[in-house]
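The values are calculated or read from the model by the stated rules, or taken from the named source; none is laboratory data. No experiment lies behind these values; they were computed from the predicted model shown. Here Cβ is always computed from backbone atoms with ideal geometry, including for glycine, and neighbour counts include all displayed protein chains. In case anyone asks, the SASA skips ligands and DNA or RNA and just uses the protein heavy atoms, side chains included. Shrake-Rupley method; radii C 1.70, N 1.55, O 1.52, S 1.80 Å.
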Amino acid sequence: MSRTYALITGAIGGLGTAMTKRLVGKGIPVIGCDRKTPDELEDWRQSALTPEEAEQVTLFPLDVTKDEHVNDLAAEIAGRGMHVAYLVNNAGIQGYGKPWELDTKTHNRVIQVNINGTFFCTRAFSKAMVDAGFGRIVNFASLAAYNPPSGQACYSAAKAGVLGYTHSVALDLAQYGVTVNAMAPGLIMHQGLEGVMPDHVYQTLIKQVPMGRAGKPHEIAATVEFLLSDDASYITGQTFHVNGGLYIPG
């Protein structure tokens, strides 16, 4: 009999780490996928997780932009008797540039990771959810889909595309007991941002947030946990804004 797992892409980033720790803490074993080498994944397991948490995490290198890699992973997971009932499409990248300067490579990469990665993983794992009559999918969009920042046209477009994809797939899967929702985080400070965001940029952004602070990874993880739970069984096709009031839908 297959054991039920949550699969998280972008698993070893700041948000991925928080979600992994949160889910294993709730008794849900995690398949963590990231575009890193096996050695880098193992280093993360030993440094970021407790021994107890590490026992509940299975790691796989994965490039979500390559459909053959995703399909091979799905086949290997099934062959091991592992059933993905929870899918968190968290992998994402940004791309910067003025409209007349942004290079094609950057644009394509942002689209491939954010949209194609979400599509490839959903396609690979949703049929087993349908067959089981149960599933939870959470896709990561961004506040940028609603309030696009300057110089990030391709990122904003990609995350808006994730929202459209989420809404449509939610309709397709609703009758099979599979919910599909999106997260739209605002400014969330984690290790990946701390090393690249200048302090003056951070301070400017903080002043725009009504709550006067950045979000924390565990606040994202808690919301995702809720969306994967039975308590969210009647919620699908929705976008959850976790941004301290920076965006309030009308």
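Length gained on full extension, T204 to N147: 19.0 nm, using 0.36 nm per residue less the C-alpha separation.
Just the projected area, averaged over all directions, of the convex hull on the alpha carbon atoms of the stretch 1-135: how many nm²? Before the final figure, lay out the partial values.
Details: hull surface 35.8 nm².
Convex hull of Cα atoms, orientation-averaged projection: 8.9 nm².
Could you tell me what fraction of 2.2 N^0.38 Å the Cα radius of gyration of the chain comes to, as a two-decimal ratio?
Numbers: Rg = 17.5 Å, N = 250, 2.2 N^0.38 = 17.9 Å.
Working it through for the chain, the quotient is 0.97.
Remark: accessible surface ordering of K207, K127 (largest first) is K207, K127, probe radius 1.4 Å. At R0 = 30 Å, how high is the FRET efficiency between S47 and D230 if r is their beta carbon distance? Nearest 0.05 is fine. Given R0 = 30 Å and the Cβ-Cβ separation, E is 0.35. Note on the chain: with a GNM built from Cα contacts shorter than 10 Å, the maximum mean-square fluctuation among V209, V30, V138 falls on V209.
Among A18, G164, L73, which residue has its Cα furthest toward the positive end of the charge dipole of the chain, with +1 on Lys/Arg Cβ and -1 on Asp/Glu Cβ? My answer, from the dipole projection, is G164.
With R₀ fixed at 35 Å, the C-beta to C-beta distance from E101 to N71 puts the FRET efficiency at about 0.45.
Counting alpha carbon pairs within less than 8 Å and at least 6 residues apart, what relative contact order, in whole percent, applies to the chain? If you can, show how the numbers build up before the last one.
Numbers: 448 pairs, mean separation 50.0, N = 250.
It rounds to 20 percent for the chain.
Placing unit charges on each Cβ (+1 for Lys and Arg, -1 for Asp and Glu) gives the stretch 14-159 a dipole about its Cα centre, and among P51, A124, F134 the Cα reaching farthest toward its positive end belongs to F134. Using Cα-only point scatterers and the Debye equation, what is log10 of I(q)/I(0) for the stretch 118-185 at each q in 0.14 Å⁻¹, rounded to two decimals? Computed log10 I(q)/I(0) values: -0.44. The calculated 222 nm mean residue ellipticity attributable to helices in the chain amounts to -13500 deg cm²/dmol, summing -39500 (n - 2.57) over DSSP H runs of n ≥ 4 and dividing by all residues.
Full extension of the chain segment joining D131 with A78 gains 17.7 nm, where the gain is 0.36 nm per residue of separation less the Cα-Cα distance. When the Gaussian network model of the chain links Cα atoms closer than 10 Å, the mean-square fluctuations of I77, I111, I12 top out at I77.
Neighbours of G244 by Cβ distance under 10 Å: Lys/Arg scored +1, Asp/Glu scored -1, total 0.
Magnitude of the charge dipole for the stretch 127-250, about its Cα centre and with charges confined to Cβ atoms of Lys, Arg (+1) and Asp, Glu (-1), is about 280 debye. Diffusion of the stretch 1-55 by Stokes-Einstein, at 37 °C in a medium of 0.692 mPa s and with Rh set to the Kirkwood radius over alpha-carbon pairs, works out to 290 µm²/s.
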